[in-house]
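Working notes for the structure below.
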Amino acid sequence: MVEEAASPYRILIAKPGLDGHDRGAKVIVRALRDAGFEVIYTGIRQTPEMIARAALQEDVDAVGLSLLSGAHMTLFPRIAAILKEEGLGDILIFGGGIIPDEDFPLLRKKGIDRVFGPGTSLRSIVDYLKEALASRKKAADGNKKTRKAQEGAKAAK
Amino acid sequence: MNDVRQLARRVEGGDLSAVARAISFVVDERPGSEELASELYRRSSSVHKVGLAGPPGSGKSTLTGRLISYWRGQGLKVGVLAVDPSSPVSGGAFLGDRLRIQDHAGDPGVYIRSLATRGRVGGLTPTIFGAIHVLEAAGFQKIIVETVGIGQDEVEVAHAADTVLYVVTPGLGDEIQALKAGIMEIGDIFVVNKADLQGKDKAVADLRRALAIGAEASPADGWAAPVLATSALTGEGIAALGEMIERHRDHLDSSGQRSRRLKDQLRAEVSLYLARRISRSVEKRLTERHLSALVERKTDPVTLGQELLEARGAA
Ligand code: B12
Ligand SMILES: Nc1nc2c(ncn2[C@@H]2O[C@H](COP(=O)(O)OP(=O)(O)O)[C@@H](O)[C@H]2O)c(=O)[nH]1
Ligand SMILES: [Mg+2]
């Protein structure tokens, strides 16, 4: 088999909501590109359905949501729910913007792995993403192996 | 491998999440991707592929959005592959075409995929052909390939598309006359986009004049590349462009050019595959010891290269 350097992770950066605060999203897009990710940016004013569709068609590993308008508690969980409905539950969801600390626990419960506020260093976002994706990949590979092993055991019986 | 077959069947059923997964398989060259590619290729047929080339910012992505609407209006399913460059430094990429191709988000008859060049010059990704075959197998009736528009490199799009649109803007002015020879030859239709801006007529005239000077004035294949003005912003000229694309396709059919082009494309695909496989397998034989021998001038790169090539198959 061909042994190859792993392909770059693909990330969708999306801006839900009706506001035009896109500076943060663009900063993140650049930082991730410069850190070796392939980044697709949807642009502003995306509905949860549009974001899910883009994630599906682009076959991304993660979706990063940017929201400064205050609507994160409705929009973020909605996006997570649609992704799950579409069978995309294993995509990592993270985000950032103006999001008060006290909202973190509930967002996490709803499937948003982590959020980053103003002033976060780009370095720490990049490090987080690399680690989170690597550990997911490991877990997924592990699952596949156990499944195969189980199937093998069944077949042997 | 059962999983691969299953994925292939889902692609053929037009399942967009399977299409997305299959393209990843092929462009990442994951285990099973070759089996998938051959499954899909043998069971599908070729589709009219329209390539868009031209400098960055000329409006290729916006125009792509317009062409999608035009063909959707005729009930055709449209697949899009939009290619942007990878950073040679980080290996990452900003894939921004999707940003300009909006309004089709909820339409199951449209599939858009952004791809990075991943270190390949020439405006196309190494595995673009595989991605095209996935779209063919999924039943798309028009395929659009948008390439990075950087200079001479983009002539490669001619190896992947049946009808090549070359997109410029009025602002380019005198530069049009200096268009590189290769580009003048690959364009089947020249588009002066942003016709809503000043200078459209001059740009069209300049382009026509430039085309009249070259060999394209009396083309061997009987198709003199036309120049059309469009505005992807207002929609002006889009229907005329759509009709011209069909005219070119009819010309390919009636002149017998279509199968010749298809063979050119397949030759490019096979030779790309061979180059990758051979260099990969032969390079594996290159050891530190070989390199030291070269440094010491005990052998030379050509002789060593020949020896490594001949040892192929043996190991
Ligand atoms: C610049 C700005 C604007 C600019 C936006 C320009 C643009 N194209 O982005 C303009 C002037 C247009 C604007 C307009 C408005 N604004 Co304003 N604006 C700001 C301001 C001052 C800074 C935002 C910014 O660009 N920061 C710089 C970027 C780089 O930082 P960032 O976005 O926070 O991103 C960082 C992190 O949050 C994180 N991050 C962000 N996104 C993501 C995504 C991912 C995936 C990850 C991992 C991380 C991440 O990483 C980034 C780097 O550290 C903020 C106040 C503030 N201090 O944040 C208000 C603010 C966001 N605006 C606000 C408001 C109310 C408005 C207006 C409605 C005002 C009005 N009444 O007209 C309008 C809305 C207009 C519209 N249609 O959208 C409020 C929002 C209130 C709320 N959340 O409840 C704020 C918080 C000001 C305030 N304190 O009231 N605004
Ligand atoms: N005025 C005008 N602007 C256009 C037109 N088509 C595209 N644009 C704008 O030109 C910029 C680049 O367009 P894009 O489609 O991304 O170009 P690409 O790099 O060739 O794909 C965007 O800001 C578009 O909105 C047009 O016909 N007229
Ligand atoms: Mg583009």
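The values are calculated or read from the model by the stated rules, or taken from the named source; none is laboratory data. None of the values given here were measured: they were computed from a predicted structure. For neighbour counting, all protein chains shown are included, and Cβ atoms are generated from backbone atoms with ideal geometry for every residue, glycine included.
A few points about this structure:
- Qualifying residue in segment B:221-244 (condition: outside the structural domain of B:Ala160 (by TED's automatic domain parsing), hydroxyl-bearing (Ser, Thr, Tyr) and modelled with pLDDT of 90 or more): no
- Among the residues of segment B:35-46, those that are part of a helix (DSSP H, G or I) and either closer than 13 Å to B:Val134 by Cβ or away from chain A (no Cβ under 14 Å) (or both) comprise B:Leu36, B:Ala37, B:Ser38, B:Glu39, B:Leu40, B:Tyr41, B:Arg42.
- Residue among B:Ala205, B:Ala210 that is surrounded by fewer than 21 Cβ atoms within 10 Å (Cβ to Cβ), more than 16 Å from ligand 1 (Cβ to nearest atom), more than 14 Å from every other protein chain (Cβ to nearest Cβ) and free of Cβ contacts under 8 Å to residues at least 24 places away in the same chain: B:Ala205
- Inspection of segment A:98-105 finds no residue satisfying the criterion of being more than 14 Å from every other protein chain (Cβ to nearest Cβ), in contact (Cβ under 8 Å) with a residue 12 or more places away in the chain, within 13 Å of the chain's Cα centre (by Cα) and surrounded by 20 or more Cβ atoms within 10 Å (Cβ to Cβ).
- Strands (runs of 3 or more DSSP E) lying entirely in segment B:68-187 (those with 3 or more residues that are within 14 Å of chain A (Cβ to nearest Cβ) and at pLDDT 90 or above): B:78-84, B:93-95, B:110-116
- Counting only helices (runs of 4 or more DSSP H) wholly contained in segment B:222-315, the ones carrying 1 or more residues that are charged (D, E, K, R) and within 24 Å of the chain's Cα centre (by Cα) occupy B:238-255, B:257-283.
- Restricting attention to segment A:96-131, the residues that are under 21 Å from A:Met73 (Cα atoms) and charged (D, E, K, R) total 8.
- Test for B:His104: is it within 16 Å of ligand 2 (Cβ to nearest atom), farther than 22 Å from B:Met244 by Cα and assigned by TED's automatic domain parsing to the domain that holds B:Ile186: yes
- The set of residues from segment B:42-52 being in contact with a Gly (Cβ under 9 Å, 6 or more places away or on another chain) and modelled with pLDDT of 90 or more comprises B:Val47, B:Leu52.
- Of residues in segment A:13-58 being buried (at least 21 other Cβ atoms within 10 Å of the Cβ) and of a type in the set (Lys, Arg), the one farthest from ligand 1 (Cβ to nearest atom): A:Arg53
- Output for segment B:58-77, where each listed residue is closer than 22 Å to B:Ile128 by Cα and within 16 Å of ligand 3 (Cβ to nearest atom): B:Gly59, B:Lys60, B:Ser61, B:Thr62, B:Leu63, B:Thr64, B:Gly65, B:Leu67, B:Ile68
- Residue in segment A:89-112 that is in a loop (DSSP other than H, G, I, E, B), of a type in the set (Lys, Arg) and over 18 Å from B:Ile101 (Cα atoms) present: yes
- Yes/no for A:Ala81 being within 16 Å of ligand 3 (Cβ to nearest atom), at pLDDT 95 or above and not in a strand (DSSP E or B): no
- Of all residues in segment B:75-90, those that are closer than 17 Å to B:Ser24 by Cβ have Cβ atoms under 8 Å from Cβ atoms of residues that are at pLDDT below 90 and away from ligand 2 (no atom under 16 Å from the Cβ), 6 or more apart or on another chain, in B:Leu81/B:Ile128; B:Val83/B:Thr125; B:Val83/B:Ile128; B:Ser86/B:Arg118; B:Ser86/B:Gly119.
- Search result, residues across segment A:1-49 that are free of Cβ contacts under 8 Å to residues at least 12 places away in the same chain and away from ligand 3 (no atom under 16 Å from the Cβ): A:Met1, A:Val2, A:Glu3, A:Glu4, A:Ala5, A:Ala6, A:Ser7, A:Arg23, A:Arg30, A:Asp34
- For the condition away from ligand 2 (no atom under 16 Å from the Cβ), surrounded by 20 or more Cβ atoms within 10 Å (Cβ to Cβ) and within 12 Å of chain B (Cβ to nearest Cβ), A:Leu83 qualifies.
- Test: residue in segment A:69-76 that is outside any helix (DSSP H, G or I) and without any contact (Cβ under 8 Å) to a residue 12 or more places away in the chain: no
- Flag if B:Val4 is outside the structural domain of B:Thr127 (by TED's automatic domain parsing), out of contact with any strand residue (DSSP E or B) (no Cβ under 8 Å at 6 or more places or on another chain) and within 12 Å of B:Ala138 (Cβ to Cβ): no
- Tally, over segment A:61-119, of residues that are farther than 22 Å from A:Asp19 by Cβ and of a type in the set (Val, Ile, Thr): 1
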